[in-house]
1. Checking the a/c ratio against 1.5 first, then a/b against b/c, what shape does the Cα gyration tensor give for segment 179-305?
2. So what's the angle, to the nearest 10 degrees on a 0 to 90 scale, between helix 153-162 and the longest Cα principal axis of the chain?
3. Could you give the length gained on full extension between residue 20 and residue 124, defined as 0.36 nm per residue of separation minus the Cα-Cα distance, in nm?
4. In the chain, what percent of the accessible surface is made up of carbon and sulfur (1.4 Å probe, ligands and nucleic acids excluded)?
5. Expressed as an acute angle from 0 to 90° and rounded to the nearest 10, what is the orientation of the C-alpha long axis of helix 11-24 relative to the principal long axis of the chain?
6. List the relative contact order of segment 131-263 as a percent without decimals, with contacts defined as Cα pairs under 8 Å and 6+ residues apart.
7. Rounded, prolate or oblate: which one fits segment 80-138, using the alpha carbon gyration tensor with axes a ≥ b ≥ c (rounded when a/c is under 1.5, else prolate when a/b beats b/c, else oblate)?
8. Calculate the translational D of segment 20-123 in whole µm² s⁻¹ from Stokes-Einstein, where the hydrodynamic radius comes from the Kirkwood formula applied to all Cα pairs, the temperature is 20 °C and the viscosity 1.002 mPa s.
Amino acid sequence: MTKFELEDTNASAIAAEFVRARTRAGSPAMGMVMTLIIVVPDDDAEEAMQAAQRASREHPARVLGVILGDGRGKPQVDATVATGGGWGGETALIRLKGEVVRYAESVVLPLLLPDSPVAIWWPTEPPDDPADDPLGALAKRRITDSAAAKRSKSSVMLRQCQSYAPGNTDLSWTRLTPWRALLAAALDQHPLKVTRASVSAERISPSADLLVAWLNDRLKVPVERHTSDGPGITQVVMDTKQGPITIARDDGRLATFSSPERPDRPVALKRREVPALLTEELRRLDEDDVYAATAKRLVGLAKEG
């Protein structure tokens, strides 16, 4: 990887360094398909950029890591611009200090790739309303991760659902993709009327909260939430008159699929890492109608107590 440090710089100088880096690499056009903005604390920046690097292998992008520092004092912009080293595009890690922190979008806007979509990701603490956030307003796809919040994860998830806008999503929802696929396949194999359902998971699990809302919205039946030792979601039971349909996963890797009058079957259901989740979310930049309906239902369930 080739890195260039820019101190006390500005957006114009960062953009010029991108051009010089591509020219030095002998590749003036790198075929990038989007801009990915990452808003992340300094302590979490390295891990977040590594996740974006892995995602960039499938989605070549200009990745702009934005670290919002202390908003007091003299405004200053420092940046590390890099190409190569396993990246599918080019990257800049931008540190903002002083008054410019309040106007981060003014630094980021000139660096967006023209005529291509913009996605933004908050790996840790998300804003209460991503679409209303100045940086979030630049993006077509806004990705949060309520499970990575330092505290009150369930409350963070609820606020994300309350402020849902087209283009919003949360990695707690993305974690449910294998569960939802398996549950849908189970009902395709057993077209039985479900009378009630239950979800067992760790006490604090935004994904489990969303799964309860999704099952309730889709099946139109009561769904109970039980606490287990984890990891993550450990069991889903759908009761029918012929008997329960059960998916149980105690180790976070392999699940057991049980259904009426059929032998139990092992099913791969491994918990996925953040780079795989991010890669999945970047595959679609349109509105996720199912997540929108699930978010609305979660808010409704919260109001019902």
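The values are calculated or read from the model by the stated rules, or taken from the named source; none is laboratory data. Model, not experiment: these values are computed from the prediction. Note: areas computed on protein heavy atoms with side chains; ligands, DNA, RNA excluded. Shrake-Rupley method; radii C 1.70, N 1.55, O 1.52, S 1.80 Å.
1. Working: a/c = 1.44, a/b = 1.17, b/c = 1.23.
Because its axes are fairly even, with a/c under 1.5, segment 179-305 counts as rounded.
2. 80 degrees
3. Going from the current span to full extension adds 34.2 nm.
4. Looking at the chain in its full context, I get 49 percent from C and S.
5. Helix 11-24 sits roughly 90 degrees off the main axis of the chain.
6. Details: 201 pairs, mean separation 25.5, N = 133.
Computed value for segment 131-263: 19 percent relative contact order.
7. It is prolate, given that a/c is not under 1.5 and a/b is the larger ratio.
8. Working: Rh = 14.0 Å.
Stokes-Einstein gives a translational diffusion coefficient of 153 µm²/s.
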